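Here is the structure we will look at.
The values are calculated or read from the model by the stated rules, or taken from the named source; none is laboratory data. Predicted model only: the values in this text are computed from it and were never measured. Backbone-built Cβ (ideal geometry, glycine too); neighbour counts: all protein chains shown. Surface accessibility is based on the protein's heavy atoms, side chains included, excluding ligands, DNA and RNA. Shrake-Rupley method; radii C 1.70, N 1.55, O 1.52, S 1.80 Å.
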Amino acid sequence: MDLATIVGIVLSFGLVAGAIVTGGSPMIFVNVPSMLIVIGGTIGATLVNYPLGHVLGVMGVIKNTFFAKGDSPTQVIERFIDYANRARREGILALEPLIKEAKDPFLQKGLQLTVDGLEPQTIQEILENEISYMEERHELGSEILSIMGAFAPAMGMIGTVIGLVQMLQSMNDPSSIGPSMAVALITTFYGAILSNLIFNPMAGKLKTRSKEERLVKEMILEGILSISKGENPRIVEDKLNSFIPPKMRKQSE
């Protein structure tokens, strides 16, 4: 669980809700037609912009903003030091029983290719393609959320215009102008909330997650190539340590 995402959502919505409550009744900020315009309009515009399958796939990608999966860079280094030592003592085939133990499909594939005896260059080409396609999937999810973050305020403005037009139709009743104006502005409020507290922050978190995952995948690739070349465990460790800041590095004895 990513505590930063949870704390950020609770803090931002909590402060907004607190400001609303202290200023009066929160029910004045509840308007169903405004919600339909903003939420329905945002989803509809997104469906026009992207195929249905891509939009539905974003729902699965959003969970990556709440959960961090896979090993950390330091865990990857420790794992490959162990792999390198085993391969050096017992040979490459000694890694075969460890393939099923690896939870990361990318790591499993790399180990399997190494055990199968493929040339390092071939292994590198296959795994680099995996990383490339992974990035494309992640970029699509982030892009769709960013687009939704752009559409939401626009839908809010459309709702505001609709509300203002309706308000102008009843200008003969001065007592209705204030409430009508408040309702018109609520759609802009909804659009700003969705854009700045949900869609854009989640798009940013997905970009960060993608960079973190790419780093781990590149470390795994480097480790796999080093083992397939039969390099010394100390060399493997030094190569993988170069991917992380000096303060995070742990030199094995």
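At a glance:
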item: Gained length - residue 100 relative to residue 21, 0.36 nm times residue gap less alpha-carbon distance; result: 23.0 nm
item: Added length on full extension, which subtracts the Cα-Cα distance from 0.36 nm per residue, residue 247 to residue 133; result: 37.9 nm
item: Gained length - residue 89 relative to residue 75, 0.36 nm times residue gap less alpha-carbon distance; result: 2.9 nm
item: Value of relative contact order over the chain, rounded to a whole percent, pairs C-alpha under 8 Å and six or more apart; result: 30 percent
item: Size of electric dipole in the range 87-176: Cβ of Lys, Arg +1 and of Asp, Glu -1, about Cα centre, debye, nearest 20; result: 300 debye
item: Relative contact order %, the range 131-253, counting alpha carbon pairs below 8 Å whose residues are six or more apart; result: 31 percent
item: Percent carbon-and-sulfur accessible area, the chain, ignoring ligands, DNA and RNA, probe 1.4 Å; result: 63 percent
item: Given charges at Cβ of Lys, Arg, Asp, Glu: the range 179-231 dipole, positive-most of 225, 184, 206; result: 184
item: In nm, spacing of pseudo-spin labels at residue 175 and residue 39 (7 Å Cα→C-beta vector); result: 3.3 nm
item: Estimated [θ] at 222 nm from DSSP helical runs (n ≥ 4, -39500 (n - 2.57)) normalised by residues in the chain, nearest 500; result: -24000 deg cm²/dmol
item: Extent along principal axes [Cα atoms of the chain; Å; largest to smallest]; result: 90, 38, 26
item: For the range 141-253, accessible area per residue (1.4 Å probe, heavy atoms of protein chains only), Å²; result: 51 Å²
item: Between the range 140-208 and the range 66-90, the alpha-carbon center distance in angstrom; result: 47 Å
item: Protection-proxy order for peptides 34-46, 158-170, each taking the mean of Cβ atoms within 10 Å per residue, highest first; result: 34-46, 158-170
